[in-house]
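Following: one structure in structure tokens, then a few remarks.
Taken together, the values in this text are just the output of simple stated rules run on the coordinates, not laboratory data. All values reported here derive from a predicted model rather than from experimental measurement. Because the Cβ atoms are built from the backbone with ideal geometry, glycine has one as well, and the counts that use them run over all protein chains shown.
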2 protein chains.
Amino acid sequence: MLPDQRREKIVEYAENNGYASLQQLAELLDTSESTIRRDLEYLDGKGQVRRTRGGVAYVGESLTDFDERTTRALSQKKRIGRAVADLIEPGDSILLDGGTTTLEVARHLVNRPLQVVTNSLPIAQLLMNSPETELILIGGYLYPKTGVALGPIAVEALRTIRVRRLIMSVGGITREGMFNSNSLLVEAEQRMLETAEEVIVAVDAGKFGRNALSKLCELDRPDRIFVDSGLDDNWKEILGSTDVELTIVE
Amino acid sequence: MLPDQRREKIVEYAENNGYASLQQLAELLDTSESTIRRDLEYLDGKGQVRRTRGGVAYVGESLTDFDERTTRALSQKKRIGRAVADLIEPGDSILLDGGTTTLEVARHLVNRPLQVVTNSLPIAQLLMNSPETELILIGGYLYPKTGVALGPIAVEALRTIRVRRLIMSVGGITREGMFNSNSLLVEAEQRMLETAEEVIVAVDAGKFGRNALSKLCELDRPDRIFVDSGLDDNWKEILGSTDVELTIVE
DNA sequence: GCCATAACGATCAATATCAATCATTATCCA
DNA sequence: TGGATAATGATTGATATTGATCGTTATGGC
């Protein structure tokens with residue numbers, strides 16, 4: 001890889017994650033720590049990043065900084081995002097549904113060698129400048145506000161796709177199953193469920209017990225559920241009686 | 001292969017990938033590294049690319065501002081964009097291809113009651129916050145840097161769509177027809193041509209006489225061509241002998 | 001405060017890339 | 001055609017980058 005290219009990636013990675021360790025960067029860019037050190041020295045001199053002991057921090061308005069000051073639910077989403085991303089292996093093909101939680105997952109997928117399919121404009125935007133990632137966009141009627149593509153075009157496009165893992169979030173979970181607020185969204189998501197070998201649901205604990213407009217699937221349909229530590233013991237029991245593998249993120 | 005042709009391809013490749021190594025280029029163009037070095041020296045001198053150790057980097061927006069010629073091309077693109085947008089009527093359904101010129105068109109479509117279909121991520125991003133505009137996104141393999149969706153998914157999605165007007169740009173125009181640099185792109189664009197009642201091509205005059213990799217269509221296939229006033233008289237004659245309606249934007 | 005550990009900067013040998021040069025080949029023009 | 005000019009590919013010495021290693025310095029736990 002070209003030196004300039006490598007340095008640009010370092011800035012990009014730091015920008016997306018707010019911080020990056022030397023080891024992370026060395027592994028990610030497949031080079032020695034010495035080289036990374038020299039790159040950081042160079043970039044720090046140019047003012048593009050700020051060196052810290054053990055790594056590097058992005059300077060200026062970071063995407064993550066923008067969110068940093070927000071609610072606890074978001075910091076939980078960040079943790080969930082990291083936990084889910086740690087599960088992903090190099091070369092995986094994954095389908096990312098729209099949503100703020102899945103966006104947090106996507107942040108940790110930047111510059112990793114993956115095949116990512118998504119119907120979310122923000123996620124696509126985020127991963128577009130990640131050269132290691134092969135990105136496939138699901139088109140369709142673009143739902144305002146959330147920037148998610150839905151409708152018949154999306155459903156049709158999903159028909160031709162097969163992925164190893166689906167990562168999605170939901171609007172509400174009750175004993176009756178999982179729900180979302182928009183029926184067009186649910187229709188697309190039901191199609192997603194069919195295309196993935198493994199289904200991973202990532203939600204914050206606040207979604208449990210809440211209902212929403214349209215039923216997506218049964219409670220035991222996912223293979224894995226990632227949730228933060230705020231989950232009620234009662235719900236742990238309920239999920240324990242199913243085949244779903246529950247991961248509590250501390 | 002002609003030296004000029006080769007150099008153009010180098011710029012093209014760098015533009016599409018952001019970076020290119022000497023070895024890549026030498027292999028791609030079937031020539032020695034010495035020749036590539038000389039080409040890069042030449043192109044760097046002209047400011048078309050930036051040399052880096054081991055290869056070459058595409059010159060981004062930051063540097064183009066200093067280049068008088070490209071700045072002028074941009075202001076021309078802006079004028080062309082406005083002229084094309086003036087043609088659009090309320091309620092129109094239009095298909096916007098990717099590219100900097102069509103992006104300028106899109107800027108003038110914000111908050112207008114339209115149905116817009118596009119395969120370009122930047123255009124979708126721009127129009128997403130326009131409540132009046134119904135936005136339909138064409139999905140597919142997302143081409144890095146340019147953010148345009150291509151490939152079989154895009155082609156298939158275009159099959160189900162009909163629009164009143166197609167607005168596209170091209171990479172080069174010769175007597176033999178219209179060309180673009182990427183064969184996947186051309187394939188999608190050919191499908192676009194089939195779905196539109198009226199085809200509008202918007203280009204700056206610099207594209208005339210220039211060749212590109214892959215042939216898109218015949219010279220007289222568009223219904224209208226918008227171009228800036230820099231167009232050669234010779235070309236005006238050639239286009240005058242066809243059915244294409246030529247609009248010169250002052 | 002003290003130790004163990006981790007990160008740092010400096011240095012060196014190995015490697016990769018560069019610019020300059022030269023002989024050969026292709027292209028142009030009379 | 002023939003001569004001049006330009007472009008090409010290979011070579012070479014110079015230079016820059018890289019990865020490993022070393023002694024030094026900062027950090028965190030006890």
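Below, the figures for the structure above:
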| item | result |
| --- | --- |
| Kyte-Doolittle at least -1.0, axis length at least 15 Å by Cα - qualifying DSSP helices, chain A | A:72-87, A:183-195 |
| Within a Gaussian network of chain B (alpha carbon springs, distance under 10 Å), most fluctuating of B:Leu95, B:Leu137, B:Leu166 | B:Leu137 |
| Derived scalar couplings ³J(HN,Hα) [the range A:108-119; Karplus, 6.51 cos²θ - 1.76 cosθ + 1.60; whole Hz; x for Gly, Pro] | 8, 9, 4, 6, 10, x, 9, 10, 10, 10, 8, 10 |
| The protein assembly as shown: antiparallel DSSP beta bridges as a percent of all, rounded to 5 | 45 |
| Set of lysines with alpha-carbon distance to B:Lys9 below 29 Å, sequence-local pairs under 8 removed | A:Lys9, B:Lys46, B:Lys77, B:Lys78, B:Lys145, B:Lys207, B:Lys215, B:Lys236 |
| Sequence-distant residues sharing a close amide H with A:Asp92 (under 5 Å, placed H) | A:Gln115 |
| Backbone HN-Hα couplings from phi across the range A:137-150 [Karplus 6.51/-1.76/1.60, Hz, Gly and Pro as x] | 9, 8, x, x, 5, 8, 6, x, 6, 7, x, 10, 8, 9 |
| Global size of chain A as Cα Rg and Dmax, reported in angstrom | 19.0, 58 |
| Residue-averaged beta-carbon neighbours from other chains (10 angstrom radius) around B:158-169 | 1 |
| Mean separation of Cα contacts under 8 Å (6+ apart) over length of the range A:155-223, as relative contact order % | 45 |
| Nm distances between copies for B:Asn17, ranked from closest, using label points 7 Å along Cα→Cβ | 2.6 |
| Nonlocal amide H pairs with A:Gly230, under 5 Å, H built at 1.01 Å | A:Ala205 |
| Lys/Arg +1, Asp/Glu -1 at C-beta; the range B:99-250 dipole; positive extreme among B:Val201, B:Met128, B:Asn211 | B:Met128 |
| Fraction of antiparallel bridges per DSSP, chain B only, in percent to nearest 5 | 40 |
| Mean ellipticity per residue at 222 nm, deg cm²/dmol - from DSSP H runs of n ≥ 4 across chain B, formula -39500 (n - 2.57) | -12500 deg cm²/dmol |
| Listed residues B:Pro113, B:Val49, A:Gly47: farthest to the positive end of the dipole of the protein assembly as shown (Cβ charges) | A:Gly47 |
| Long-range HN-HN contacts of A:Glu198 with modeled amide H, under 5 Å | A:Arg165, A:Leu166 |
| Within 10 Å of each Cβ in B:125-131, the average number of Cβ atoms from other chains | 3 |
| For the range B:21-31, 3J(HN,Hα) per residue [Karplus equation, 6.51 cos²θ - 1.76 cosθ + 1.60, θ = phi - 60°, Hz, x = Gly/Pro] | 8, 4, 4, 3, 5, 4, 6, 4, 9, 6, 8 |
| Spatial separation of Cα centroids for the range A:187-250 and the range A:73-139, in angstrom | 19 |
| Ascending list, in nanometres, of distances separating the B:Asn129 label from those of the other copies (7 Å, Cα toward Cβ) | 1.8 |
| Binned Cα-Cα distances of the protein assembly as shown, short to long, each 10 Å bin given as a whole percent | 4, 17, 26, 25, 18, 8, 2, 0, 0 |
| Antiparallel content of DSSP bridges confined to the range B:117-225, in %, to 5 | 50 |
| Chain B, dipole about Cα centre (Lys/Arg Cβ +1, Asp/Glu Cβ -1), debye to the nearest 20 | 620 |
